[in-house]
1. Based on what the data block shows, is THR144 polar (S, T, N, Q), part of a helix (DSSP H, G or I), touching a Ser or Thr at 6+ places or on another chain (Cβ under 6 Å) and open to solvent by 50 Å² or more (accessible area, probe 1.4 Å)?
2. Working only within the range 62-94, note down all residues that are within 24 Å of ALA129 (Cα to Cα) and not hydrophobic (A, V, I, L, M, F, W, C).
3. For residues that are out of contact with any helix residue (DSSP H, G or I) (no Cβ under 8 Å at 6 or more places or on another chain) and open to solvent by less than 60 Å² (accessible area, probe 1.4 Å), scanning just the range 39-65, find the one that is farthest from VAL82 (Cα to Cα).
4. Search the range 115-138 for residues that are over 14 Å from LEU79 (Cα atoms) and pair each with any residue that is open to solvent by 50 Å² or more (accessible area, probe 1.4 Å) when their beta-carbon atoms are under 8 Å apart and the residues are at least 6 apart or on different chains.
5. Taking only pairs six or more apart or across chains, which ones have beta-carbon atoms under 8 Å, a first residue in the range 45-71 that is under 23 Å from SER157 (Cα atoms), and a second residue that is not in a helix (DSSP H, G or I)?
6. Among the residues of the range 112-125, write down those that are farther than 17 Å from SER151 by Cβ and more than 17 Å from the chain's Cα centre (by Cα).
7. Can you tell me which residues in the range 139-162 are under 23 Å from LYS101 (Cα atoms), out of contact with any Leu (no Cβ under 6 Å at 6 or more places or on another chain) and touching a residue at least 40 places away in the same chain (Cβ under 8 Å)?
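The values are calculated or read from the model by the stated rules, or taken from the named source; none is laboratory data. As the structure is a prediction and not an experimental result, all values here were calculated from the model. Positions of Cβ are generated from backbone atoms using ideal geometry, with glycine treated the same way; all protein chains shown enter the neighbour counts. With ligands, DNA and RNA removed, areas are computed over all heavy atoms of the protein, side chains included. Shrake-Rupley method; radii C 1.70, N 1.55, O 1.52, S 1.80 Å.
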Amino acid sequence: MSSSSTGTPGSSTAGTSPPGPSTPGATTHPKWKLATVKMVNWFTFGVVFAVMPIIAGYFIGATRGSERTLTDLIGHGELLIVATGLSAAAAGQAFTMKHAKFGVLPRLLGCGNVLIAVFTTLWFADISAALGDKREIDESFVRTYSLWFFSAALVTSFSGALVAELEQ
């Protein structure tokens, strides 16, 4: 006869609890794992969908034989609009947090996002007005520095979203 492991004294499973959460409502996912999932969602729905019109414009143009490159499509400040949206949303989130765990960091991120949102708004308005008045703009300059501001908006808004998630 083979002995079975029934939890009797002397067996290897005596006194052990079944695998899984030991308290009601406990989760097996660490906080960082949940934060990772939420940040992937933030990136997918907040960033990828925001730049999709630019990418779609490139593919539509390529389908019709346009010679414009993807970098040509951002020469009129299109990324500035995306940067404004990301930064403004992140600033709003930063200023409504409890600020218990991270002290002044959320407010600093919020202020940085406000500055980015205000500057990119004003710069895009200037570019748009210049193009409307048929004035020439330096598309290379706009491309380069709108990429920089978009990158800064990505970093500060991602950081703000992560801090907000970890604050909960």
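1. Numbers: polar (S, T, N, Q): yes; part of a helix (DSSP H, G or I): yes; touching a Ser or Thr at 6+ places or on another chain (Cβ under 6 Å): no; open to solvent by 50 Å² or more (accessible area, probe 1.4 Å): yes.
Here the answer is no, as THR144 does not meet what is asked.
2. ARG68, THR69, THR71, ASP72, GLY75, HIS76, GLY77, GLU78, THR84, GLY85, SER87
3. GLY65
4. Here the result reads ALA130/GLU136; LEU131/HIS76; ILE137/HIS76; ILE137/LEU131, each pair linking the range 115-138 to a residue that is open to solvent by 50 Å² or more (accessible area, probe 1.4 Å).
5. Every condition considered, the pairs that remain are ILE54/LEU70; ILE55/LEU70.
6. Within the range 112-125, the subset farther than 17 Å from SER151 by Cβ is 114, 118, 121-122, 125.
The answer is VAL118, THR121, LEU122, ALA125.
7. LEU154, PHE158, ALA161, LEU162
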